[in-house]
Every structure is written in structure tokens, then in C-alpha cells.
Amino acid sequence: MLPIYTYLIFSVLKPLLFLLKSSVFVQQVINGLTVGGVYALIALGYTMVYGILELINFAHGEIYMLGAYLGIIFLGFFTAIGLTSFSLPLSLFLAFILSIIFCSSYGYTMEKIAYKPLRNAPRLSPLISAIGVSIFLQNYVMLTQGATDKVFPHIVENAGLEIGGVSVTYIQLFIITVSVLMMLSLHIFITRTRMGKAMRAVAQDKTMASLVGINIDTVISVTFVIGSGLAAVAGLMVASYYGLVNYSIGYIAGIKAFTAAVLGGIGSIPGAMFGGIFLGLIESLSAAYISPEYKDAYAFIILIIILLIKPSGLFGKSQEEKV
Amino acid sequence: MAESGIQNSKFKIQDSKPGKIHSPFFIALWLSLLFLPFKGIKAASILFVSLLLLLFIFRAFSGYAKILMDKLNAMRESIIERFKAVYAGSEASGMIAYSLLFVFLFAIPFFAKDYFIDVLILAGIYIILAQGLNIVVGFAGLLNLGFVAFYAIGAYSYALLNTKLGIGFWPALPLSLALVTLSGFVLAVPALRLKGDYLAIVTLGFGEIVRLVFNNWDSLTKGPNGIGGIEPPHLFEMHVSRLSHYYYFILFFVVLTVFIIRRVKASRIGRAWLAIREDEIAAASIGINTISYKLYAFAFGAFWAGLAGVLFAAKMQFVSPESFTFMESVLILCMVILGGLGSIPGIILGSVILVMLPEMLREVQLYRMIALGSGLVLLMIFRPQGIFGGKSVSSGG
């Protein structure tokens, strides 16, 4: 019996080994990791808000889009006042910080205006409100910044490393590093700090949390601020990676990040990180090996399959229905 | 949605403090600061001043505003009560009102401009669509964010049957409708294992996949270029292609839709749907097979979307994936919510308003989507049950 099994396993693995050797595969994995890191950052915002409010924050993708636009705006401003020629790293750093601050403020304001009055409303109301915010922000950016694509200022060299036919740009390395760093610091924040503990408590049981003296409103605001900050980072990195930004990028990225969050089990933070990277890998590999035209459809197909097989996601706990 | 209602009552959280009242100055400053990077200092300061003025006016008149709102609300209630009575036919004047309405609707093409008739035809198509979505969202309480998929399948199946196989409108109509209803079943069977938000997202995914397939299947659908040269419907050996003729054609289908959906709502199936919407567990415990009734709701809703799709394709004589985006799903959902979930006359009104309003606001066209977005948020905050919705979810018209 044994030889047959070995033969079978070998015959299945042989083409896979070939895949691993080929540089196309490694290249696609690196591209997938880059995109996946970005998805993971956005997915964290979805999953945190869902964990606490049980709300699909439809407008979260727009915050990511705002982050990309704000990065371009601030870098343009710094170029105009001559800061970029003075010190490029400083101006990049400032642009990052400023877009994080602005996006977090947008997230905070959005929660206060559109979600807080609806906290005790039926489930459908905040979802519709979120769709409204999303439409508003898209058109707000379209009206103020124009409907055409915005070009990211070409200040970062598009150089990179070339190892055995696989090219990795510095931007890709930067995106992967920053995503991992962000996720690690979020993990430390959630598990080690007082506020993180409060967030976990609110996610488990709002009533109990408020009884032990946790200010629910503050926790929710902090959740929105952190989630929006992460989305801003993702937006800025994507803008520098692709070089083009449009007011409509938020919608599709939001849906994909949501898919990533559901993939990992919505409400679970490690799940969102894993789901994002997994989705990025699947997307770039299937675009390379199956057909690039349906690149956007794979996310949905995976989402539907995952939800049908294991609706609670890969890392999520299934919830009992309460009467 | 039923279980969330229970949860809400259980977990009603009081704010630890009564909401702080921020000063108008601070709010205006904050919002204009957020606006600053997008349009520069000049626009931001204009925004600041106007916001400040607006907030001061609002604060000064908020006492009056409350009285005014109450008056308006009372007026609205009485009008709607009257309307409902007429609608239910319980008054003798009901028949007169109906006949007057029909005479009016019938007479419109004799005095209205072509442009206006065109808008009305569009409104008719959207009424059928919104009534279909109402069955799924309003009656059965299942949020469907990809409803436009069925609209697209209906439109494309008529377009393809007509242009590729040369089948005329009348034979193609039942074929397309059967196909759409079948696709409703195909989506519903797996999707109904999910609840609430997950269901909403899966339907959204379905809508996007359908659009992407129509967009990329070049050999069949000509991709983004769309399919042109679709035949308008035949009726008694003549093409229904003149606007006024098509208007009557659509009017017939709208009346048919409203009539049938009204009857179904009052039937055993309709009452089962309402029971599932209000409390799924309770409905199941009194012997309603919730899974199969939800299936019917999905398929029946899809049927009407398909009808609207066929009518749309026959009217435009052209279809392209552009007409079937996620925004379209949102727009249809807005019609249902604006009118009042579950209320048939409300949704007719909601569809007409949302089709007419952008046409009337052509001059400020750029701002209408912004208005739609903020309108949705405001509607959810101040009147989540829509125009016709009652105080409780269960008392739709």
C-alpha cells in the first residue's frame, strides 16, 4: 500500500514543487503579501468596529480613500513649500502623521454624527446610515478634488532589489514592514494596555462593562480613531504603491477588506490580519494563474464559499441564537 | 432582524452622562478644519462662517422647530390615515378617488412633455423594482444588498434572447422571468443559511459577481460596450415604441404588480413573511417553515426585479453593465426605506420621489449624491421608519 500512497502524494506535489521553484510564483507571493498587508490593515478597522458595535461600517473603505487623498495633498503642499527638497524622509513622515490625524478625526466625527444617535435603533438603521456616509464621503472628495485620477507625487524612487528573477521594490518592502509593525503594535495595545482591556470588555458585554465603570462612549470613539488611523496608513501606502488614486477606490477596497475580516472571523483581530494576507495571496495568485479579468470577483467568491462552509470565519466563535 | 430587536431591549445602554452640548463655535471650527486640506483656506473659512450661522439659527429656533415638526407630523399622520382608508377601500370615496387617480394617470400623455413622460416611465420601472425588494426586505425582513443582480439578469436575458435568438417580447418575457426566479432560488438556497449582516454581504457579493460576469464575458455580452438593437415589445401587430404608448404599457405592469403584491401580502404566505420578520423563532414555533417561506420571498422578489429588467431593456433597447452597479441596489433600497419598509403605497411614493427629485435638481446635479448620502443619515436619525411606516415595525400600510 505504501508505495501507492507515496506515488500519489509525489504526483500531486511534483507540479507544486515546480510552482515553488518558478520565479513567477514567488513574485506573485510577494505582490500578494503587499496587497494583503494593506487589506489586513483595513480589515482591522472593520473587525474592531464590528466586535464592539456589531455594525458593518460601510464607510470604512472611504476613510482609507481619504487617507490616500490626504497623503497626496500633504505631499503636494510640502513640495510647494520646499520641504521635500529639504528632507524627503521628514516630509513623508509628516504626511503620514497628518493623514493619520485627519483620518482619525474623520472617523471620530463620523461615529458621533451618523452612528451614535442610532446606537439603540434596529439593526438596519446604522447599516443604512453607514451607506449614506459612504456615499457622502465619496462625492465630497469627488467634488473637492475632481473626478479624475490623482497622481501620487513621484518623489519616492521606484527602485528595488532583484533576487533570482524576482523583483521586490522598496515600496513593497516598506508596505510589508509597516503593516507587520502596525499589526504588532495593535496587538500589544489590545492585549497589554488598560484601554485595550476595556475594548475587549466592551466587545464581550456592553452592559457588564458599563457596570464596572468603563465609559462605553470613550471606548467606541477610541475604536473608531484607531481603525481610521490604520486605514489612513493603508491608503497612503497604496497611493504610493500604485501611484494613482481615485475617489471610488474606497468602495472596492472596503468590500475586500470586509471579506478579509469575515474570512478570519469577524470580531477577531488575529483573524483579520490572517484573512487580509490570505486574501491578498489568493487574489494575486489567481490573477496570475487563472484569469486577471475576474480579479475583483475572487474576493466575493471566496467570501461566499467561506460563509457557506464556516459562517463564523476561520478564527471566529459561532454564536448561539438568543431568545 | 427579529433577534436584534430582542437584544436591543435587553442591552439598552444609558449614556453615562447626558450628552454634552458642544458650542456651535467648536462644531463649526472642527468641521471646517476637517474640510481644510481638501479645498484650501478660503473655502474652509466660508464653510466655517456658514456653519456657524446655520448652527446659531438652528439653536435659536430649535424651540420653534420642535413645535413645527410636531404640527407637520400631525398633518402627515392625518393625511396618511385618510390615504390609508382610501387605499384600503373602506370609504365610499375610495372608489371615486381611485377612478380620479386612474383618469389622471391615463390623461398624463395628452398634456405632458415627452421628457416628463420619459421620467414617469423610469419611475414606473423603479416602482416595480422597489416593490420586489420590499417583498424581501420589507415583508420577510431579509436585507438584500445585491438586488440589482436580478434586475440585470432580467434585462440581459431579454436582450440576449432577443438579439441572439430573435425571440420576441412576449415569448421572451416568461422565459426571462423563469430564469430570474430560478436565479433567485439559486442564490437563496445557500444564502438563507446566513443571518442578518452576513446575508446582506453575501447578496452584495452576488450582485457584484453578476455584474463582473456581464462585464467580462465579451463573447456573449460584448462586455462594457453593452448590447444594442433590442426590439421594443409588440402589441397587436404594432411596436410599442412611442413614449406615450410605452407609458401605458408600463402603467399596466405597475398596476398589475401592485395588485398582485397586495393580494399576496394579505394571503397566508404574506402573513407568514410578516411573522418571520417580527420574530423568526416565534414564527417557527407556530409551525411556519421559515426556510421555505424565505425562499419564496427571495424568488418572488427576484421575479419582479426580472420583470423590471425586461421592461427596462425593452424601453432602452440597450443594456450595459453600467446600469447595474451597487449604487443602483442602494438606490432601490433607499426607495423602500424612504417610503416605509413593508408599506406598498409608501414605496410607490418613495420611488416616485427618488426618481423625480434628481430630475428636478438637474441644475445642482453635482450635489445630488451628497444630498442623497446625508439625506440617508438624517432619515435614519430622525425618521427611520420612512414616510409611511408606523410607530412600530409591524404596522406598515
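The values are calculated or read from the model by the stated rules, or taken from the named source; none is laboratory data. Predicted model only: the values in this text are computed from it and were never measured. Don't worry about glycine lacking a Cβ; one is built from the backbone with ideal geometry, like all the others, and counts go over all protein chains shown.
Looking at the stretch B:154-171, which of the residues that are of a type in the set (A, V, I, L, M) and buried (at least 24 other Cβ atoms within 10 Å of the Cβ) is farthest from B:Ala297 (Cα to Cα)?
Once the filter is applied, the top-ranked residue is B:Ala159.
I'd like to know if the stretch B:263-273 contains one or more residues that are within 14 Å of B:Gly141 (Cα to Cα), free of Cβ contacts under 8 Å to residues at least 40 places away in the same chain, more than 19 Å from the chain's Cα centre (by Cα) and surrounded by 21 or more Cβ atoms within 10 Å (Cβ to Cβ).
Yes, there is a match, as at least one residue in the stretch B:263-273 is within 14 Å of B:Gly141 (Cα to Cα), free of Cβ contacts under 8 Å to residues at least 40 places away in the same chain, more than 19 Å from the chain's Cα centre (by Cα) and surrounded by 21 or more Cβ atoms within 10 Å (Cβ to Cβ).
May I ask you to verify whether B:Ala65 is under 32 Å from the mean Cα position of the chain (by Cα) and either surrounded by fewer than 17 Cβ atoms within 10 Å (Cβ to Cβ) or more than 14 Å from chain A (Cβ to nearest Cβ) (or both)?
yes
Do the conditions hold for A:Leu127, that is, is it surrounded by 22 or more Cβ atoms within 10 Å (Cβ to Cβ), modelled with pLDDT under 90 and in a helix (DSSP H, G or I)?
For A:Leu127, the condition - surrounded by 22 or more Cβ atoms within 10 Å (Cβ to Cβ), modelled with pLDDT under 90 and in a helix (DSSP H, G or I) - is met.
Keeping to the stretch B:325-365, report how many residues are within 18 Å of B:Ala200 (Cβ to Cβ) and of a type outside the set (Val, Ile, Thr).
10
State all residues of the stretch B:214-232 that are more than 22 Å from B:Ala172 (Cβ to Cβ) and of a type in the set (S, T, N, Q); if no residue qualifies, say none.
Those that are more than 22 Å from B:Ala172 (Cβ to Cβ) and of a type in the set (S, T, N, Q): B:Asn215, B:Asn216.
Identify, please: which residue in the stretch A:175-223 is in contact with a Ser or Thr (Cβ under 8 Å, 6 or more places away or on another chain) and away from chain B (no Cβ under 14 Å) and is, among those, farthest from A:Lys112 (Cα to Cα)?
Looking at the filtered set, the residue picked out is A:Ile176.
Any residue at all in the stretch A:155-166 that's part of a helix (DSSP H, G or I) and either facing chain B (nearest Cβ under 7 Å) or in contact with a strand residue (DSSP E or B) (Cβ under 8 Å, 6 or more places away or on another chain) (or both)? Before you say what the answer is, go through the steps one by one.
Going through the stretch A:155-166, the residues part of a helix (DSSP H, G or I) turn out to be none.
No, the stretch A:155-166 has no match at all.
Every residue in the stretch A:41-64 that is of a type in the set (A, V, I, L, M, F, W, C), part of a helix (DSSP H, G or I) and farther than 9 Å from A:Ala261 by Cβ, please. Let's see the steps before the verdict.
Looking only at the stretch A:41-64, we keep the residues that are of a type in the set (A, V, I, L, M, F, W, C), and these are A:41-44, A:48-49, A:52-53, A:55-56, A:58-59, A:63.
From what is left, the residues that are part of a helix (DSSP H, G or I) are A:41-44, A:48-49, A:52-53, A:63.
A:Leu41, A:Met48, A:Val49, A:Ile52, A:Leu53, A:Ile63 - these are the residues of the stretch A:41-64 that are of a type in the set (A, V, I, L, M, F, W, C), part of a helix (DSSP H, G or I) and farther than 9 Å from A:Ala261 by Cβ.
For the stretch A:280-293, state whether one or more residues are under 11 Å from the mean Cα position of the chain (by Cα), assigned to a helix (DSSP H, G or I) and at negative phi.
Within the stretch A:280-293, one or more residues are under 11 Å from the mean Cα position of the chain (by Cα), assigned to a helix (DSSP H, G or I) and at negative phi.
Among the numbered conditions (1) at the interface with another protein chain (Cβ under 10 Å from one of its Cβ atoms); (2) buried (at least 18 other Cβ atoms within 10 Å of the Cβ); (3) out of contact with any Pro (no Cβ under 8 Å at 6 or more places or on another chain); (4) in contact (Cβ under 8 Å) with a residue 60 or more places away in the chain, tell me where A:Leu70 comes up short.
(3)
Is it true that B:Met316 is within 13 Å of B:Ala149 (Cα to Cα) and out of contact with any helix residue (DSSP H, G or I) (no Cβ under 6 Å at 6 or more places or on another chain)? Working first, answer last.
Numbers: within 13 Å of B:Ala149 (Cα to Cα): no; out of contact with any helix residue (DSSP H, G or I) (no Cβ under 6 Å at 6 or more places or on another chain): yes.
Considered against the rule, which asks whether it is within 13 Å of B:Ala149 (Cα to Cα) and out of contact with any helix residue (DSSP H, G or I) (no Cβ under 6 Å at 6 or more places or on another chain), B:Met316 comes out as no.
Could you list, in sequence order, the residues of the stretch A:246-262 that are of a type in the set (A, V, I, L, M) and surrounded by fewer than 24 Cβ atoms within 10 Å (Cβ to Cβ)?
Within the stretch A:246-262, A:Ile249, A:Ile252, A:Ile255 qualify.
For the structure I just gave you, tell me whether B:Leu338 is buried (at least 19 other Cβ atoms within 10 Å of the Cβ) and under 14 Å from B:Tyr151 (Cα atoms). Break it down stepwise before answering.
Values: buried (at least 19 other Cβ atoms within 10 Å of the Cβ): yes; under 14 Å from B:Tyr151 (Cα atoms): no.
No, not satisfied.
Could you tell me how many of the residues in the stretch A:302-312 are in a helix (DSSP H, G or I) and more than 7 Å from every other protein chain (Cβ to nearest Cβ)?
Number satisfying all stated conditions: 4.
If you go through the stretch A:138-147 one residue at a time, do you hit one that is farther than 30 Å from A:Leu53 by Cα, hydrophobic (A, V, I, L, M, F, W, C) and part of a helix (DSSP H, G or I)?
yes
Output the qualifying pairs, or none if there are none: Cβ atoms under 6 angstrom, residues six or more apart or on different chains, first residue in the stretch B:216-228 and away from every other protein chain (no Cβ under 14 Å) and closer than 14 Å to B:Thr163 by Cβ, second residue assigned to a helix (DSSP H, G or I) and at pLDDT 85 or above.
B:Ile227/B:Ala159; B:Ile227/B:Thr163
Residue check, B:Ile286 against (1) of a type in the set (A, V, I, L, M, F, W, C); (2) buried (at least 21 other Cβ atoms within 10 Å of the Cβ); (3) in the same structural domain as B:Ala152 (by TED's automatic domain parsing), all met but one. Which one?
Going through (1) of a type in the set (A, V, I, L, M, F, W, C); (2) buried (at least 21 other Cβ atoms within 10 Å of the Cβ); (3) in the same structural domain as B:Ala152 (by TED's automatic domain parsing) one by one, B:Ile286 breaks only (2).
What pairs come out if I take residues in the stretch A:287-316 that are exposed (fewer than 15 other Cβ atoms within 10 Å of the Cβ) and pair them with residues that are assigned to a loop (DSSP other than H, G, I, E, B) and at pLDDT below 75 whose C-beta lies under 9 Å away, six or more apart or interchain?
Correct list of pairs: A:Lys310/A:Gly316; A:Lys310/A:Ser318.
Just one of B:Leu204, B:Leu212 is within 14 Å of chain A (Cβ to nearest Cβ), in contact with an Asp or Glu (Cβ under 8 Å, 6 or more places away or on another chain) and closer than 26 Å to B:Val330 by Cβ; which is it?
After ruling out the rest, the residue left standing is B:Leu212.
From the list A:Gly265, A:Gly227, which residue is under 30 Å from B:Phe206 (Cα atoms), modelled with pLDDT under 90 and surrounded by 24 or more Cβ atoms within 10 Å (Cβ to Cβ)? Step through it out loud before you land on a result.
On the way: A:Gly227 fails: modelled with pLDDT under 90.
Unique residue meeting the criteria: A:Gly265.
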